[in-house]
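Q: I'd like to ask some things about the structure below.
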Amino acid sequence: MEKLFKFTAYVIGLVAVTFLIQNVTQTKMEKLREGQMLSSPDIVSIKTRERQLDCLAMNIYREAGHENFEGKVAVAQVTMNRASHPSFPKDVCGVIYQKSVIMDKVVCQFSWYCETAPKARPINTSAYNESMAVAKKVLLEGFRLDVMKEALYYHANYVNPR
(Lines give C-alpha, C1' and ligand atoms only; values in the text may rest on other atoms or scores of the structure.)
Protein backbone atom coordinates (compact mmCIF):
# COMPACT_ATOMS: atom_id res chain seq x y z
CA MET A 1 0.00 0.00 0.00
CA GLU A 2 2.83 2.37 0.87
CA LYS A 3 4.51 1.71 -2.49
CA LEU A 4 1.25 2.47 -4.28
CA PHE A 5 0.91 5.72 -2.33
CA LYS A 6 4.50 6.75 -3.16
CA PHE A 7 4.02 5.84 -6.83
CA THR A 8 0.76 7.84 -6.99
CA ALA A 9 2.41 10.83 -5.28
CA TYR A 10 5.33 10.55 -7.72
CA VAL A 11 3.02 10.51 -10.77
CA ILE A 12 0.96 13.43 -9.43
CA GLY A 13 4.15 15.38 -8.72
CA LEU A 14 5.51 14.61 -12.20
CA VAL A 15 2.26 15.76 -13.83
CA ALA A 16 2.24 18.94 -11.71
CA VAL A 17 5.86 19.77 -12.58
CA THR A 18 5.22 19.08 -16.28
CA PHE A 19 2.14 21.31 -16.21
CA LEU A 20 4.07 24.06 -14.38
CA ILE A 21 6.97 23.94 -16.87
CA GLN A 22 4.54 24.02 -19.79
CA ASN A 23 2.70 27.00 -18.29
CA VAL A 24 5.90 28.96 -17.58
CA THR A 25 7.26 28.21 -21.05
CA GLN A 26 4.01 29.29 -22.70
CA THR A 27 3.93 32.53 -20.66
CA LYS A 28 7.55 33.32 -21.59
CA MET A 29 6.87 32.61 -25.26
CA GLU A 30 3.86 34.95 -25.24
CA LYS A 31 5.92 37.71 -23.64
CA LEU A 32 8.67 37.15 -26.19
CA ARG A 33 6.16 37.36 -29.07
CA GLU A 34 4.69 40.56 -27.60
CA GLY A 35 8.18 42.07 -27.30
CA GLN A 36 8.94 41.21 -30.90
CA MET A 37 5.65 42.70 -32.03
CA LEU A 38 6.32 45.94 -30.18
CA SER A 39 9.80 46.27 -31.66
CA SER A 40 8.78 45.20 -35.15
CA PRO A 41 9.70 47.73 -37.85
CA ASP A 42 6.10 47.53 -39.09
CA ILE A 43 4.75 48.86 -35.80
CA VAL A 44 6.51 52.14 -35.20
CA SER A 45 4.94 54.83 -33.09
CA ILE A 46 3.87 58.02 -34.79
CA LYS A 47 6.24 60.00 -32.60
CA THR A 48 9.20 57.86 -33.64
CA ARG A 49 8.24 58.11 -37.31
CA GLU A 50 7.95 61.91 -37.03
CA ARG A 51 11.38 62.09 -35.38
CA GLN A 52 12.91 59.97 -38.15
CA LEU A 53 11.22 62.15 -40.76
CA ASP A 54 12.56 65.32 -39.13
CA CYS A 55 16.09 63.84 -38.88
CA LEU A 56 16.02 62.81 -42.53
CA ALA A 57 14.65 66.18 -43.70
CA MET A 58 17.36 68.03 -41.74
CA ASN A 59 20.06 65.78 -43.19
CA ILE A 60 18.80 66.37 -46.72
CA TYR A 61 18.62 70.12 -46.05
CA ARG A 62 22.15 70.30 -44.58
CA GLU A 63 23.77 68.01 -47.15
CA ALA A 64 21.83 68.87 -50.32
CA GLY A 65 19.56 71.83 -49.65
CA HIS A 66 20.87 73.56 -52.76
CA GLU A 67 20.76 70.41 -54.94
CA ASN A 68 18.06 69.35 -57.39
CA PHE A 69 15.45 66.69 -56.62
CA GLU A 70 17.76 63.79 -57.53
CA GLY A 71 20.56 65.17 -55.34
CA LYS A 72 18.21 65.39 -52.37
CA VAL A 73 16.89 61.87 -53.01
CA ALA A 74 20.46 60.59 -53.26
CA VAL A 75 21.28 61.89 -49.75
CA ALA A 76 18.04 60.44 -48.39
CA GLN A 77 18.61 57.10 -50.06
CA VAL A 78 22.19 56.75 -48.79
CA THR A 79 20.83 57.46 -45.31
CA MET A 80 18.11 54.82 -45.71
CA ASN A 81 20.58 52.31 -47.18
CA ARG A 82 22.81 52.75 -44.15
CA ALA A 83 19.88 52.30 -41.75
CA SER A 84 19.17 48.91 -43.32
CA HIS A 85 22.86 47.87 -43.46
CA PRO A 86 24.32 45.88 -40.51
CA SER A 87 27.42 48.12 -40.25
CA PHE A 88 25.37 51.18 -39.29
CA PRO A 89 22.78 52.05 -36.63
CA LYS A 90 19.34 50.64 -37.32
CA ASP A 91 17.33 53.85 -37.49
CA VAL A 92 17.52 57.04 -39.53
CA CYS A 93 18.46 59.38 -36.67
CA GLY A 94 21.08 56.95 -35.40
CA VAL A 95 22.71 56.87 -38.84
CA ILE A 96 22.69 60.66 -39.17
CA TYR A 97 24.07 61.37 -35.69
CA GLN A 98 26.63 58.54 -35.69
CA LYS A 99 30.13 59.61 -34.67
CA SER A 100 33.42 57.72 -34.81
CA VAL A 101 36.82 58.36 -33.28
CA ILE A 102 39.64 58.09 -35.78
CA MET A 103 43.17 58.79 -34.58
CA ASP A 104 41.83 60.68 -31.52
CA LYS A 105 39.59 62.85 -33.69
CA VAL A 106 35.79 62.76 -33.61
CA VAL A 107 34.41 62.27 -37.09
CA CYS A 108 30.73 62.47 -38.02
CA GLN A 109 29.15 60.36 -40.74
CA PHE A 110 27.57 63.54 -42.09
CA SER A 111 29.92 66.51 -41.80
CA TRP A 112 27.26 69.11 -41.00
CA TYR A 113 26.55 67.42 -37.69
CA CYS A 114 30.09 68.07 -36.44
CA GLU A 115 30.59 71.42 -38.19
CA THR A 116 27.39 73.30 -37.33
CA ALA A 117 25.08 73.60 -34.39
CA PRO A 118 22.89 70.52 -34.99
CA LYS A 119 19.93 72.01 -33.16
CA ALA A 120 19.87 75.17 -35.28
CA ARG A 121 16.70 75.40 -37.34
CA PRO A 122 16.96 75.91 -41.09
CA ILE A 123 17.42 79.44 -42.38
CA ASN A 124 16.14 78.80 -45.90
CA THR A 125 12.52 77.73 -45.27
CA SER A 126 11.83 76.94 -48.90
CA ALA A 127 14.85 74.61 -49.17
CA TYR A 128 13.85 72.93 -45.91
CA ASN A 129 10.27 72.42 -47.16
CA GLU A 130 11.64 70.81 -50.33
CA SER A 131 13.88 68.62 -48.17
CA MET A 132 10.90 67.59 -46.04
CA ALA A 133 8.90 66.71 -49.18
CA VAL A 134 11.76 64.49 -50.38
CA ALA A 135 12.11 62.93 -46.92
CA LYS A 136 8.40 62.02 -46.94
CA LYS A 137 8.65 60.59 -50.43
CA VAL A 138 11.68 58.44 -49.54
CA LEU A 139 10.83 57.44 -45.95
CA LEU A 140 7.06 57.09 -46.13
CA GLU A 141 6.45 56.20 -49.77
CA GLY A 142 9.60 54.14 -50.40
CA PHE A 143 10.71 56.20 -53.41
CA ARG A 144 14.17 55.13 -54.64
CA LEU A 145 16.57 55.87 -57.48
CA ASP A 146 17.75 52.64 -59.13
CA VAL A 147 21.33 53.89 -59.48
CA MET A 148 21.52 54.39 -55.69
CA LYS A 149 20.18 50.94 -54.77
CA GLU A 150 23.24 49.86 -52.73
CA ALA A 151 25.08 53.18 -52.20
CA LEU A 152 26.33 53.70 -48.64
CA TYR A 153 28.53 56.74 -49.30
CA TYR A 154 28.70 59.76 -51.56
CA HIS A 155 31.20 62.51 -52.18
CA ALA A 156 30.63 65.82 -53.93
CA ASN A 157 32.79 66.23 -57.03
CA TYR A 158 33.57 69.86 -56.22
CA VAL A 159 35.26 68.97 -52.92
CA ASN A 160 39.01 68.33 -52.71
CA PRO A 161 40.40 65.72 -52.65
CA ARG A 162 38.25 64.39 -55.48
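Q: Kindly indicate whether Thr48 is modelled with pLDDT of 85 or more and over 12 Å from the mean Cα position of the chain (by Cα).
A: On the way: modelled with pLDDT of 85 or more: yes; over 12 Å from the mean Cα position of the chain (by Cα): no.
Spelling it out, it is not the case that Thr48 is modelled with pLDDT of 85 or more and over 12 Å from the mean Cα position of the chain (by Cα).
Q: Of all residues in the stretch 86-124 being of a type in the set (Val, Ile, Thr) and farther than 18 Å from Val73 by Cα, which is most open to solvent (accessible area, probe 1.4 Å)? First the steps, then the outcome.
A: At the first step, the residues of the stretch 86-124 found to be of a type in the set (Val, Ile, Thr) are 92, 95-96, 101-102, 106-107, 116, 123.
Going one step further and asking which of them are farther than 18 Å from Val73 by Cα, we end up with 101-102, 106-107, 116, 123.
On the way: Val101: 105, Ile102: 94, Val106: 81, Val107: 55, Thr116: 60, Ile123: 158 Å².
Applying the filter and picking the extreme gives Ile123.
Q: What number goes with the only condition from (1) assigned to a helix (DSSP H, G or I); (2) modelled with pLDDT of 90 or more; (3) crowded, with 16+ Cβ neighbours inside 10 Å that Glu67 does not pass?
A: So Glu67 meets the others, but not (1).
Q: Please enumerate the residues belonging to the stretch 93-117 that are part of a loop (DSSP other than H, G, I, E, B) and in contact (Cβ under 8 Å) with a residue 24 or more places away in the chain.
A: Going residue by residue through the stretch 93-117, those that are part of a loop (DSSP other than H, G, I, E, B) are 97-98, 103-104, 109-110, 116-117.
Within the stretch 93-117, Tyr97, Gln109, Phe110, Thr116 meet the criteria.
Q: Now for a different question. Scan the stretch 70-92 and report the pairs whose first residue is in contact (Cβ under 8 Å) with a residue 60 or more places away in the chain and under 15 Å from Leu145 (Cα atoms) and whose second residue is of a type in the set (Val, Ile, Thr) and part of a loop (DSSP other than H, G, I, E, B), with Cβ atoms within less than 7 Å and a gap of 6+ or a chain change.
A: Every condition considered, no pair remains.
The values are calculated or read from the model by the stated rules, or taken from the named source; none is laboratory data. Keep in mind that this is a model prediction, so the values were computed, not measured. Don't worry about glycine lacking a Cβ; one is built from the backbone with ideal geometry, like all the others, and counts go over all protein chains shown. Keep in mind that these areas ignore ligands, DNA and RNA; they rest on the heavy atoms of the full protein, side chains included. Shrake-Rupley method; radii C 1.70, N 1.55, O 1.52, S 1.80 Å.
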